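The values are calculated or read from the model by the stated rules, or taken from the named source; none is laboratory data. Note that the structure is a prediction, hence the values are computed from the model and not measured. All Cβ positions, glycine included, derive from the backbone under ideal geometry; neighbour counts span all protein chains shown. Heads up: the accessible areas ignore ligands, DNA and RNA and are worked out on the full protein's heavy atoms, side chains in. Shrake-Rupley method; radii C 1.70, N 1.55, O 1.52, S 1.80 Å.
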Amino acid sequence: MAPAADMGGDTARRPPRRLIGPLALVVFAAVALSVVVGVVLARQSDLRHQHQQRMSLIGVLDEFRAVLAEFAVRHAKDIAQNYGNTLDARLADRLTPVGTGRYRYDAAYVVGADGRLIAAYPRDAVELPTGIHPLIESVSRSKPVDAASATSARTDFIVIDDRIAVATAAALGSTSGATLVTVATLDPRLADVLERTSGVEALRFDTGPAHGGRDVLSLMNGQGRIVGWMAWPTQSPTVTAATRMAPLLVVVGLCFAGFVALAIRQIRRSSRDLADREAEAIRTAGEDSLTGLPNRRRVLEELDNALAMRSRDGVVAFAFLDLDGFKDVNESLGHQAGDQLLVFVAERLAVATRGAGFLGRLGSDEFALVVRADDALAAVQTAHDAIAAMTHPFWIGGQALQIGLTVGFAHAPRDGASRDDLTRRADLALRVAKRQSRGRATGFEPTMEAELHDRHFVNRELRRTLAEGGLDVHYQPIVAADGQRIVGVEALLRWKHPTRGDIPPATFVPIAEQAGLMPKLGEFVLERALTDALRWKDTFIAVNLSPVQMRDRQIADQVAAIIRDTGIDPARVVLEITEGVLIDNPDDAHRRLEQLRALGVRIALDDFGSGYSSLSYLRRFPIDKLKIDKEFVSSLGRSGNGGVIIQAIIALGRALGLSVLCEGIETEEQRILLRLAGCDEMQGFLFARPGPARIIDRLLNIPDEPRRRRIGIDG
Ligand code: C2E
Ligand code: MG
Ligand code: MG
């Protein structure tokens, strides 16, 4: 038997990968995209920055060259004005650098038109640095013809002693054709200036190419040849900023990772909770909340499954298990005790049927069992085991409670192949069992369906007949033990149906009880019988009261009213009740009997010996007469000890002060035996069959009728 809760549990509990996978992917993609975009933006920003640095360096360098050129022009003009064409070594005095330190040159030369060195600073310089001639030539080609217009100057990069310098040449504006040349080395001082204006650091002027990790800007001379490089370490502001911000970024990253981990954990937990709740909901949807057994839905599902999977030779049985007398427990001990009892019953049934069947609770005191078996016998055995589990009493609130179980079952393939067929037929079997054989397992029989139809028919027709006054009452004489006198008559209901013929009271009385027709039916019999009995002086009139009538609180009032209306002497009225009434609800029965006896009527216990035959009732309840059942009487001749038992009962009844009546006497032998045993009154076909009132009229009004003892009345 698979527990209902197992369904779908595993998959429901698994971590929600479907949710976490995409989420992780999205987070990863977002982070990756941010990094790529960041790197691209940083790269662009760095390139822009580098470009700006270069432009700024070029700008500063150009300005440096322009200022040097301007100084050289001004200097050249000055020399031209003061010396005119008399250029000689004395000029060296005018070549000493003056002015702003930043633009001060390191060396200066006055070169004649013939390329001869006229004067130099420092004075000891004897020849021009190499590489300067092209510059001088380009200046002299463009030099003006008069001194006043000596304004042009040219600059170029040259290398002196492995150092880069800016050479400036300006024409001396005279007819001499001389040129002033200044040389300013690109030294650390200038580098410092360049660094400050461009923002680069560690700037160096190199004549050889720079090594890796450094940015360079080539310096080209007038001939288009690279004479050197400005080099500085490659700067990446974003990398620098990122490096500076690294701890902060790490903290932010950790926080983000923590947040993501926390979110995933939370999602996992929520998903797990959701899955747990879903599994719980699935489980409880198929579970009975009181007993924890599978509920109606699950049981029926199991039945469907079992039927669908039944092999050709296999049997699937469905049984209704109904507690006997549960309603009384509920009413007398309260619903809490009732619930407790149901829990205990469920536990016992579960143990008794474990491994053999699928047990569930349908509701109230009704359980159900689905059994898959190789043959019907095995299925029936499981039902018997369930019933046997109820044999011991249950202890509830310090009280021992004995409760029975009645089972009705049907099985496939014999009784049907569908859920509807099996449940309907098992229900029918249960209803029959409840009426006829409580505490037992009863299988469905095809005749039950016919009976059911019959019951419907009887129910319908009885209502109609009752309304139309179509019922009749017959009477069966009761004679004194000597068989000489009719001492009373018993009223017995008769129903002659136009198409069905005679329908016996044993058939329709129980149906009338269930259909709620008994109060009307009982009233009819009482009225008719007491009215008819008015004519039959010196005889008592016995009327049967059904258990349903005895449970009616109005019964004493009803009887009292009819006695009053008919005017009959209540001492002549005997009311026949059966043992069942006393067993079902002893206190109520006792009270009712007292009320009835208070009216002056007598009470007879009918059919004694057919049921429990508890002798204790005879003492406990206010009973006047004991009617020993015809079953007991008929067994007289058959079983050896039948006579002894009946003798004992009669003796006991008499000892208790009861009058004893034996019914169903059919033979003379029985009459003699029972008379010897001490029976007071007798009733049976031997004396008379039940007949209409006019027969009793005749019997009682013919005082000299011979052989009255054997009045062969044919009802
Ligand atoms: P009961 O009260 O025990 O009635 C006696 C039954 O035994 C009657 O059956 C009667 O015909 C039958 N009987 C009498 N003598 C003999 C005999 O020598 N041999 C055999 N085999 N049977 C004999 P009946 O009329 O079919 O009634 C059956 C039962 O129906 C009654 O049993 C009684 O319990 C119930 N019943 C009949 N009329 C009424 C009624 O008006 N109200 C109620 N509540 N129940 C009634
Ligand atoms: Mg009777
Ligand atoms: Mg009887």
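Values computed for the structure shown
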quantity	calculated
Gly115 being under 28 Å from Ala257 (Cβ atoms) and not hydrophobic (A, V, I, L, M, F, W, C)	no
Restricting region 684-699 to residues that are within 14 Å of ligand 3 (Cβ to nearest atom) and over 16 Å from Val473 (Cβ atoms), the residue that is least open to solvent (accessible area, probe 1.4 Å)	Gly684
Qualifying positions in region 459-484 - away from ligand 2 (no atom under 16 Å from the Cβ), touching a residue at least 24 places away in the same chain (Cβ under 8 Å) and more than 58 Å from the chain's Cα centre (by Cα)	Gly470, Leu471, Asp472, Ala480, Ala481, Asp482, Gly483, Gln484
Hits in region 286-306 (condition: in contact with a Leu (Cβ under 8 Å, 6 or more places away or on another chain) and buried (at least 19 other Cβ atoms within 10 Å of the Cβ))	Glu287, Thr291, Leu293, Pro294, Asn295, Val299, Leu303
Complete set of residues in region 567-595 that are within 16 Å of ligand 1 (Cβ to nearest atom) and under 18 Å from Phe524 (Cα atoms)	Val573, Val574, Leu575, Glu576, Ile577
Tally of residues being β-branched (Val, Ile, Thr) and either open to solvent by 40 Å² or more (accessible area, probe 1.4 Å) or not in a helix (DSSP H, G or I) (or both) across region 604-658	4
In region 589-601, residue surrounded by the fewest Cβ atoms within 10 Å (Cβ to Cβ) [restricted to those that are touching a helix residue (DSSP H, G or I) at 6+ places or on another chain (Cβ under 7 Å) and over 17 Å from Tyr612 (Cβ atoms)]	Gly600
Selection count where residues are touching a helix residue (DSSP H, G or I) at 6+ places or on another chain (Cβ under 7 Å) and more than 19 Å from Arg528 (Cα to Cα), scope region 552-583	6
Only one of Arg269, Arg244, Arg277, Arg225 that is open to solvent by 90 Å² or more (accessible area, probe 1.4 Å), closer than 30 Å to Leu41 by Cα and free of Cβ contacts under 8 Å to residues at least 60 places away in the same chain	Arg244
Strands (runs of 3 or more DSSP E) contained entirely in region 153-214, each with at least 3 residues that are free of Cβ contacts under 8 Å to residues at least 60 places away in the same chain	163-171, 204-206
Members of region 577-610 that are more than 16 Å from ligand 2 (Cβ to nearest atom) and among the polar types (S, T, N, Q)	Asn585, Gln595
Those residues of region 394-438 which are among the β-branched types (Val, Ile, Thr) and either in a strand (DSSP E or B) or at pLDDT below 95 (or both), in sequence order	Ile396, Ile403, Thr406, Val407, Val432
Residue match in region 348-366 (condition: in a helix (DSSP H, G or I), open to solvent by less than 10 Å² (accessible area, probe 1.4 Å) and under 22 Å from Asp584 (Cβ atoms))	no
Given (1) out of contact with any Pro (no Cβ under 8 Å at 6 or more places or on another chain); (2) open to solvent by 10 Å² or more (accessible area, probe 1.4 Å); (3) not aromatic (Phe, Trp, Tyr), index of the condition Ile486 fails	(1)
Test: residue in region 624-643 that is at pLDDT below 95 and β-branched (Val, Ile, Thr)	yes
Test: residue in region 622-638 that is assigned by TED's automatic domain parsing to the domain that holds Arg553, farther than 26 Å from Thr531 by Cα, among the basic types (Lys, Arg) and within 16 Å of ligand 3 (Cβ to nearest atom)	yes
Any chance Ala542 is among the small types (Gly, Ala, Ser), surrounded by 14 or more Cβ atoms within 10 Å (Cβ to Cβ), more than 25 Å from Asp697 (Cα to Cα) and modelled with pLDDT of 90 or more	no
Residues of region 659-678 that turn out to be buried (at least 21 other Cβ atoms within 10 Å of the Cβ) and within 16 Å of ligand 2 (Cβ to nearest atom), as a count	5
Arg54 touching a residue at least 40 places away in the same chain (Cβ under 8 Å), surrounded by 15 or more Cβ atoms within 10 Å (Cβ to Cβ) and closer than 30 Å to Pro233 by Cβ	yes
